[in-house]
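Take a look at the structure set out below.
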Amino acid sequence: MKMKEKTANGGGKLYSFKGVWPKIADDCFIAPGARVIGNVEIGSGSSVWFNCVLRGDIAKIQIGKNSNIQDGSVVHVDSGGFDVKIGDNVLIGHMAMIHGTTIEDYGFVGFNGSTMDGSYIEKHGMLAAGSLLSPNKRIGTKELWIGRPAKFVRNLDDEMIKKLSKAPEEYARFAQQFLQED
């Protein structure tokens, strides 16, 4: 049996699973090659870039406004009851793996970062590139964690917070430029 599919704004594909379709705001950019499956909600101004997979098959994925999931990333849920909740203005770097995790507003996951079931990133928390956040670990507000497994390194200063806070707006504008292409 072939899965039912629709084409999203930007050219990515949406698939139903067990009769549940993703709910995507009209101004989202879902890039070609991206796949969004099942119980997924994506808020206004958010973007899912090339070759990402968001699979809400056994639990729910919620993504807020102006957040972006960058190229090659995978977002999946956990059969043990851990949904994925991604707040507003969140940056998820290229090739990240987000699994059964909550990321509050302005959270950040660096390139090739991975989060595991039950992990949590508070507002302005940062998981550095290449790092692995173990199950049930919590990155506090304005904390930087690095390593495999990730450990607390230091608090982020105001300059870094300001820089990271501007990036989601830039990605939202960039996504709109892609949507305007013919």
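Structure data summary
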read-out	value
Residues of type lysines that Lys6 reaches as a straight line, Cα spacing below 20 Å, ignoring anything fewer than 8 places off in the same chain	Lys18, Lys23, Lys60
Derived scalar couplings ³J(HN,Hα) [region 125-131; Karplus, 6.51 cos²θ - 1.76 cosθ + 1.60; whole Hz; x for Gly, Pro]	x, 9, 9, 5, 3, x, 8
Sparsely packed GluC sites (Glu not before Pro) within region 137-182, loop by DSSP, other Cβ within 10 Å at most 13	Glu181
Percentage relative contact order, the chain, counting C-alpha pairs under 8 Å, at least six apart	13 percent
Alpha carbon convex hull of the chain, projected area averaged over orientations, nm²	9.6 nm²
Entries in Lys137/Lys163; Lys4/Lys65; Lys2/Lys65 that, when Cα-Cα distance is taken, lie over 28 Å	Lys2/Lys65
Angle in degrees between helix 158-180 and the longest Cα principal axis of the chain, rounded to the nearest 10	10 degrees
Sequence-distant residues sharing a close amide H with Leu156 (under 5 Å, placed H)	Glu143, Leu144
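Coordinate-derived values only; no laboratory data. Everything numeric in this text was worked out from a predicted model, so none of it was measured. Cβ atoms come from the backbone with ideal geometry, glycine included; neighbour counts cover every protein chain shown.
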